[in-house]
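The values are calculated or read from the model by the stated rules, or taken from the named source; none is laboratory data. Please read these numbers as outputs of a predicted model, since none were measured by experiment. No Cβ is skipped: glycine too gets one built from the backbone with ideal geometry, and neighbour counts run over all protein chains shown. The area values use the complete protein model at the heavy-atom level, side chains included, leaving out ligands, DNA and RNA. Shrake-Rupley method; radii C 1.70, N 1.55, O 1.52, S 1.80 Å.
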Amino acid sequence: MTIFQISTEDALYQQARKLRHQLFFAPHNLPESTLDDDNELISYHFIITTNSQLAGYGRLTKLNGYVFQLSQMAISPSYQSKGLGTALLKKMMNTAVSDGAEQLTLNSRLPAARLYSKQGFKAEGEIFHSLATGIPHVKMTYNCRQPN
């Protein structure tokens, strides 16, 4: 398993886009261009590979000097439940902290919330439905300054 940051110019970025679209938006008949939100070009893009195959993706966006957002984290179904999501999440969290993050935020689909809570994220507020897909989500935050 290897985790690394890629640019939007990288060939693996296109593969990661296809994975994200396939898992998040295609089931709702939304076009791949749905991925092109305001954060796409200003974010850090991470992929995880195993045996040289793309297994997952995660996006990290610096919202301001100290708050970062994790989004569109996706693990290919054939690689789920093998610890890859946790490894990718930890890499993104460490990168954010190294870049000055004091708080991390994300909007989790309800079935994925357990993964984030195991790493110290706390649910905030009411469950809401994604404007794009209608899928229920919960906002979660992580205080980077909390004791380990």
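Screening region 92-143 for strands (runs of 3 or more DSSP E) wholly inside it with 2 or more residues that are among the hydroxyl-bearing types (Ser, Thr, Tyr) returns the ranges 103-109, 136-143. Which residues, counting only those in region 114-143, are open to solvent by less than 30 Å² (accessible area, probe 1.4 Å), within 20 Å of Glu102 (Cβ to Cβ) and not hydroxyl-bearing (Ser, Thr, Tyr)? Matches in region 114-143: Gly120, Phe121, Met140. In region 51-61, which residues are touching a residue at least 12 places away in the same chain (Cβ under 8 Å) and open to solvent by 20 Å² or more (accessible area, probe 1.4 Å)? Leu54 - this is the single residue of region 51-61 that is touching a residue at least 12 places away in the same chain (Cβ under 8 Å) and open to solvent by 20 Å² or more (accessible area, probe 1.4 Å).
In region 4-31, the qualifying residues are those that are assigned to a helix (DSSP H, G or I) and aliphatic (A, V, I, L, M), and the one that is surrounded by the most Cβ atoms within 10 Å (Cβ to Cβ) is Ala16.
Of all residue pairs spaced 6 or more apart or on separate chains, those with beta-carbon atoms under 7 Å, a first member in region 24-49 that is closer than 22 Å to Ala112 by Cα and modelled with pLDDT of 95 or more and a second member that is open to solvent by 20 Å² or more (accessible area, probe 1.4 Å) and charged (D, E, K, R) are Phe46/Lys91.
Filtering region 50-82 to residues that are under 16 Å from the mean Cα position of the chain (by Cα), not small (Gly, Ala, Ser) and not in a strand (DSSP E or B) leaves Leu63, Pro77, Tyr79, Gln80. Among (1) among the polar types (S, T, N, Q); (2) more than 23 Å from Gln14 (Cβ to Cβ); (3) more than 13 Å from the chain's Cα centre (by Cα), where does Ser108 come up short? Only one criterion is unmet by Ser108, namely (3).
Taken as a whole, the condition of being out of contact with any helix residue (DSSP H, G or I) (no Cβ under 6 Å at 6 or more places or on another chain), open to solvent by 40 Å² or more (accessible area, probe 1.4 Å) and within 22 Å of Met1 (Cα to Cα) does not apply to Pro111.
In this structure, does Gln72 turn out to be open to solvent by 40 Å² or more (accessible area, probe 1.4 Å) and within 28 Å of Gly134 (Cβ to Cβ)?
Values: open to solvent by 40 Å² or more (accessible area, probe 1.4 Å): no; within 28 Å of Gly134 (Cβ to Cβ): yes.
Taking the combined requirement at face value, the residue does not satisfy it.
Which count do you get for residues in region 32-49 that are loosely packed, with under 15 Cβ neighbours inside 10 Å and either in a helix (DSSP H, G or I) or touching a His at 6+ places or on another chain (Cβ under 8 Å) (or both)?
Taking region 32-49 as the starting set, the residues that turn out to be loosely packed, with under 15 Cβ neighbours inside 10 Å are 32-33, 36-38, 41-42.
Next, from what is left, pick out any that are either in a helix (DSSP H, G or I) or touching a His at 6+ places or on another chain (Cβ under 8 Å) (or both): 32-33, 41-42.
Residues in region 32-49 being loosely packed, with under 15 Cβ neighbours inside 10 Å and either in a helix (DSSP H, G or I) or touching a His at 6+ places or on another chain (Cβ under 8 Å) (or both): 4 in total.
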